[in-house]
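Asks: Pasting a structure here, questions to come.
Since every read-out is calculated from the coordinates, none of them should be taken as a lab result. All values reported here derive from a predicted model rather than from experimental measurement. Note that we place each Cβ from the backbone using ideal geometry, even for glycine, and neighbour counts take in every protein chain shown.
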Amino acid sequence: KNEVEQSPQNLTAQEGEFITINCSYSVGISALHWLQQHPGGGIVSLFMLSSGKKKHGRLIATINIQEKHSSLHITASHPRDSAVYICAVYKAAGNKLTFGGGTRVLVKP
Amino acid sequence: EAGVAQSPRYKIIEKRQSVAFWCNPISGHATLYWYQQILGQGPKLLIQFQNNGVVDDSQLPKDRFSAERLKGVDSTLKIQPAKLEDSAVYLCASSSNHGGGTQHFGDGTRLSIL
């Protein structure tokens, strides 16, 4: 079993819909990253969080340390949000990221 | 602030040939990472540098892969000889902290082995 699991693997939404991507991990962590990868390969860091909630524009990330779970929400989704969203964790006392397999999101106009 | 620069963006070679990738991290970032991302999977760390020293290369296939960061700035990753299973996107990232900080990624090099 992978240490970082994401669900769903693929998600299709209509423009304007609310999207939720989930990330569960099985190890102690010091921080969790949400990353966005567009076709072509480049990765952008969206959030790094170790507790609570962060918001940037239409994106919201939450984390529950006790339940070892994080969610990424996209409000009022838009076709330009179509990308692969990757959850990655820094293990406690570690200094390298462990990645989930990614969630491929397609937002249709 | 300029981002992480990688070149080339694409490379196509035949198996058993050699290939090299180049990465220029964000100025002042001491930590540099090379990742391999196979299609449909998350990135896998190949090697991590702190300045010009190797911190972690436990998943680097050392019989064919090598990497260096001679002056603690730019880095090169080489594959010699390439195998079909090396087809992937090779991503470079840098961070200002010795682990635990936000990593900034380049656009990657897409390698295809024929």
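Asks: With the requirement that a residue be within 14 Å of chain B (Cβ to nearest Cβ), touching a Ser or Thr at 6+ places or on another chain (Cβ under 7 Å) and part of a strand (DSSP E or B), what does segment A:85-109 give you?
Replies: A:85, A:87, A:88, A:89, A:90, A:91 - these are the residues of segment A:85-109 that are within 14 Å of chain B (Cβ to nearest Cβ), touching a Ser or Thr at 6+ places or on another chain (Cβ under 7 Å) and part of a strand (DSSP E or B).
Asks: Residue B:108 - would you say it is within 14 Å of another protein chain (Cβ to nearest Cβ) and touching a strand residue (DSSP E or B) at 6+ places or on another chain (Cβ under 8 Å)?
Replies: Numbers: within 14 Å of another protein chain (Cβ to nearest Cβ): yes; touching a strand residue (DSSP E or B) at 6+ places or on another chain (Cβ under 8 Å): yes.
It is true that residue B:108 is within 14 Å of another protein chain (Cβ to nearest Cβ) and touching a strand residue (DSSP E or B) at 6+ places or on another chain (Cβ under 8 Å).
Asks: Same structure again: It is to be established whether one or more residues within segment A:58-81 are surrounded by fewer than 16 Cβ atoms within 10 Å (Cβ to Cβ), assigned to a strand (DSSP E or B), polar (S, T, N, Q) and more than 9 Å from every other protein chain (Cβ to nearest Cβ).
Replies: So far as segment A:58-81 goes, yes, one or more of its residues are surrounded by fewer than 16 Cβ atoms within 10 Å (Cβ to Cβ), assigned to a strand (DSSP E or B), polar (S, T, N, Q) and more than 9 Å from every other protein chain (Cβ to nearest Cβ).
Asks: Test each condition in (1) touching a residue at least 60 places away in the same chain (Cβ under 8 Å); (2) aliphatic (A, V, I, L, M); (3) within 30 Å of residue B:55 (Cβ to Cβ) for residue A:84 and report the one that comes out false.
Replies: Condition (1) is where residue A:84 drops out.
Asks: Please indicate, with yes or no, whether at least one residue in segment B:39-54 is among the charged types (D, E, K, R) and over 23 Å from residue A:49 (Cα atoms).
Replies: Within segment B:39-54, the first condition is being among the charged types (D, E, K, R), and the residues that meet it are B:44.
Now restrict to residues that are over 23 Å from residue A:49 (Cα atoms): none.
No - not one qualifying residue is present in segment B:39-54.
Asks: Quick one: residue A:29 ticks every box in (1) surrounded by fewer than 17 Cβ atoms within 10 Å (Cβ to Cβ); (2) in contact (Cβ under 8 Å) with a residue 24 or more places away in the chain except a single one, so which number is it?
Replies: The single condition residue A:29 does not satisfy is (1).
Asks: Shifting gears a bit: What is the number of the single condition among (1) at negative phi; (2) more than 10 Å from the chain's Cα centre (by Cα); (3) more than 14 Å from chain A (Cβ to nearest Cβ) that residue B:16 does not meet?
Replies: (1)
Asks: Let me ask something else. Looking only at residues that are within 9 Å of the chain's Cα centre (by Cα) and of a type in the set (A, V, I, L, M) in segment A:33-49, which one is farthest from the other protein chains (Cβ to nearest Cβ)? Spell out the reasoning first.
Replies: Pass one, segment A:33-49, residues within 9 Å of the chain's Cα centre (by Cα): A:33-36, A:46-47.
Then keep just the ones that are of a type in the set (A, V, I, L, M); that gives A:35, A:46.
Numbers: A:35: 8, A:46: 10 Å.
Top of the filtered list is A:46.
Asks: Can you tell me which residue among A:28, A:52 is within 14 Å of another protein chain (Cβ to nearest Cβ) and farther than 22 Å from residue B:105 by Cβ? Please lay out each step first, then the result.
Replies: Values: A:52 fails: within 14 Å of another protein chain (Cβ to nearest Cβ).
Among A:28, A:52, only A:28 is within 14 Å of another protein chain (Cβ to nearest Cβ) and farther than 22 Å from residue B:105 by Cβ.
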